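Asker: One structure coming up, written as structure tokens, with questions to follow.
The values are calculated or read from the model by the stated rules, or taken from the named source; none is laboratory data. Bear in mind that the values here come from a model prediction, so they are computed numbers and not experimental data. Glycine also receives a Cβ, built like all others from the backbone with ideal geometry; neighbour counts cover every protein chain displayed. Heavy atoms of the whole protein, side chains included, go into the accessibility calculation; ligands, DNA and RNA do not. Shrake-Rupley method; radii C 1.70, N 1.55, O 1.52, S 1.80 Å.
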Amino acid sequence: MSAVSIREVAPRDGLQNEAPIPTDAKVRLIDALSGTGVRRIEAVSFVHPKAIPQMADADEVWARAWHNPDVRYSALIPNTRGAQRAIAAGFTEIEVVVSASDTHNRKNLNRSTEESLDDIGALIPLVHDAGATLEVIVATSFGCPFEGDIDPKRVASIVERVRADGADRIAFGDTTGMGTPRRVRDLLSEVRPDLLHFHNTRGTGLANILTALELGVTEFDASVGGIGGCPYAPGASGNVATEEVVHMLHDMGIDTGIDLDNLITVAELAEDLLGKTLPSGVLRAGPRTRLV
């Protein structure tokens, strides 16, 4: 394997788990990330402000942000109204989440997993008619803080249904960092996604990515500085830090297209914007891209 694609999710998944920051700060973060060489950015989510107040200014953020023509930007939506807003804003890559855990799905989306799957089936033609694609993210794929272990066959059945309904892409989310290399192997032996999203809550994020690489997965989410999580899942803090993932991959001779020095500078910016120390080890270690 010579190259890996990383989708930067700090502007959406990262910031939704932090105290709200000004619109200007969000725009600065997106603009800075757009100049690092990353080729995909999850920019905003179109959700009701009462549900996720951190994303209340999504329309303004997207209207003001630099749209680098070399970067593919995506938006997360929870329902038909969110899809309509994303389409109106000009997004051609849209994501929707459903949880493999029914309990988590009810806490996250206030409906059962089955009801969400019905909604997704109705969303797909709307998105396609607008010339956009829909990625279905299966949250709690590696375990749930409320229900515990998730049977890989449960995840596979969800994938089978949404693919039959016309979903363009599938991603698996490790919503609370319960994933381990063993769980990654078990799930991927049952069903394969296009992209994987790992948290580092229990310190296994990079190990899980390495295991997935060995199994042939080449697309991953990551969040600069390691910010983010899920506000509806206890203990879910800590996406894998983009600069840690890039550092590991580059040392393995795997290209990401990302300038690591530039990325670390953006992580420092994120610390300033959030006003706190972020968990990234690469950010702390220095000096920059030196690997020894």
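Asker: Once you order the gyration tensor axes a ≥ b ≥ c over the Cα atoms, which shape class does the range 1-91 get: rounded for a/c under 1.5, otherwise prolate or oblate by comparing a/b with b/c? Numbers along the way, then the final one.
Answerer: Details: a/c = 1.67, a/b = 1.44, b/c = 1.16.
Because a/c hits 1.5 or more and a/b exceeds b/c, the range 1-91 counts as prolate.
Asker: Each label point is 7 Å from the Cα along the Cα-to-Cβ direction; what then is the distance between the points at Arg202 and Arg81, in nm?
Answerer: 3.7 nm
Asker: List the GluC sites (Glu not before Pro) within the range 139-216 that fall in a DSSP loop (any state other than H, G, I, E or B) and whose Cβ has at most 15 other Cβ atoms within 10 Å.
Answerer: Glu147
Asker: Could you tell me which of Pro11, Ala25, Gly37 has its Cα farthest along the dipole of the range 1-42 towards the positive end, charges placed at Cβ (Lys, Arg +1; Asp, Glu -1), taken about the Cα centre?
Answerer: Gly37
Asker: Something else now. Only residues of the range 98-141 count here: report those whose backbone N is under 11 Å from the spot 7 Å along Cα→Cβ of Ala88, or say none.
Answerer: It comes to no residues whatsoever.
Asker: So, one more: Would you calculate a helix-derived [θ] at 222 nm for the chain, using -39,500 (n - 2.57) for each DSSP H run of n ≥ 4 and dividing by the full residue count, to the nearest 500?
Answerer: -12000 deg cm²/dmol
Asker: Based on Cα positions only, what radius of gyration and what Dmax would you give for the range 90-167, in angstroms?
Answerer: Calculated on Cα positions, Rg and Dmax stand at 12.7, 39 Å.
Asker: Restricting things to Cα coordinates, could you compute the convex hull volume per residue of the chain in Å³?
Answerer: Spread over its residues, the Cα hull of the chain gives 114 Å³ apiece.
Asker: Suppose each label sits 7 Å from its Cα in the direction of the beta carbon; what would the Ala130-Glu147 distance come out to in nanometres?
Answerer: Placing both labels 7 Å beyond Cα along the Cβ direction yields 2.9 nm.
Asker: Now for a separate question. Under the √(5λ) rule applied to the eigenvalues of the Cα gyration tensor, what semi-axes describe the equivalent ellipsoid of the range 22-65? Give them in Å, descending. Write down the numbers at each step before the final one.
Answerer: Numbers: eigenvalues 82, 24, 12 Å².
Working through the eigenvalues yields semi-axes of 20, 11, 8 Å.
Asker: Once you charge only the Cβ atoms, +1 for Lys and Arg and -1 for Asp and Glu, what is the size of the charge dipole of the range 14-164 about its Cα centre, to the nearest 20 debye? Spell out each step's value before the answer.
Answerer: Working: 16 positive and 21 negative charges, 20 e Å.
For the range 14-164, the charge dipole is close to 100 debye.
Asker: Dipole of the chain, Cα-centred, from +1 at each Lys and Arg C-beta and -1 at each Asp and Glu C-beta, to the nearest 20 debye?
Answerer: In total the dipole reaches around 360 debye.
Asker: What is the percent carbon and sulfur in the accessible area of the chain, measuring with a 1.4 Å probe over the protein chains and ignoring ligands? Mind showing how you got there, number by number?
Answerer: Details: 5530 of 11450 Å².
The nonpolar share, carbon plus sulfur, comes to 48 percent.
Asker: What whole number of Å gives the distance from the Cα centroid of the range 39-83 to the Cα centroid of the range 126-153?
Answerer: Result: 18 Å between the Cα centres.
Asker: Still on this structure: Under a point spin-label approximation (7 Å from Cα along Cα-to-Cβ), what is the Ile254-Arg39 distance to one decimal in nm?
Answerer: Those two pseudo-labels are separated by 1.5 nm.
Asker: Moving on. Which of Leu213, Leu33, Leu15 moves most in a GNM of the chain, Cα contacts under 10 Å?
Answerer: Leu213
Asker: Could you give the accessible area per residue of the chain, probe 1.4 Å, as a whole number in Å²?
Answerer: Numbers: 11450 Å² over 292 residues.
Dividing the accessible area of the chain by its residue count gives 39 Å².
Asker: Also, quick follow-up: How long are the three semi-axes of the equivalent ellipsoid for the range 138-230, computed from the Cα gyration tensor as the root of 5 times each eigenvalue, in whole Å, largest first?
Answerer: 20, 15, 13
Asker: Using only alpha carbon pairs under 8 Å that are at least six residues apart, calculate the relative contact order of the chain and give it in whole percent.
Answerer: Computed value for the chain: 20 percent relative contact order.
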